[in-house]
Amino acid sequence: MSVGSTMKWMGRSARDKAESMAHEVKDRATERRLERATSETERLRHENDLLRDEVSESRAEHRRILDLIEERFNEMAAEEDSDGKKRSHKGRWFLFLVAAGGGVYYWFRQRGAQTGEDEWTSNLADMPAVTESGTSTTL
């Protein structure tokens, strides 16, 4: 239903004014939507630029880490080539400490088994034995 059909009883100039006002209202609404869309576009463009910068920074950091790892491998290879043997034995030291700790543990367990006492059982021997109660649940 248009403005012209609802205002048939009014004069031509009043009808034209009403139609022009309706068009102005529609134009203002369209302009507001356009402004909102423009501001949203600018916000999204700015956010996209920020995300693009973050991605490029993370890629640069990733490349730097890979370069450091590659540099370290090259240093290890150079050490191996200059002496003819490997120099990095950090894992062997850890394995030695684990083996020594296991030997000490085994020795203490054997010493406790020979005397018949263990640090766990010696404390339990002092406690009274648990017995069943004399109450019955059967009828």
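Neighbours of ARG33, meaning other residues whose beta-carbon lies under 14 angstrom from its beta-carbon, give a summed charge of 0 when Lys and Arg score +1 and Asp and Glu score -1.
In a fully extended conformation the segment linking ALA22 and GLN110 would gain 21.6 nm over its present Cα-Cα distance, using 0.36 nm per residue. Here the 3J(HN,Hα) profile of the range 17-29, calculated from phi with Karplus coefficients 6.51, -1.76 and 1.60 at θ = phi - 60°, is 4, 5, 5, 5, 5, 5, 5, 5, 4, 5, 5, 4, 5 Hz, Gly and Pro shown as x.
Every number in this text was worked out from the coordinates using simple rules, so none of it is lab data. This one's a predicted model, so the numbers in the text were calculated from it and none came from an experiment. All Cβ positions, glycine included, derive from the backbone under ideal geometry; neighbour counts span all protein chains shown.
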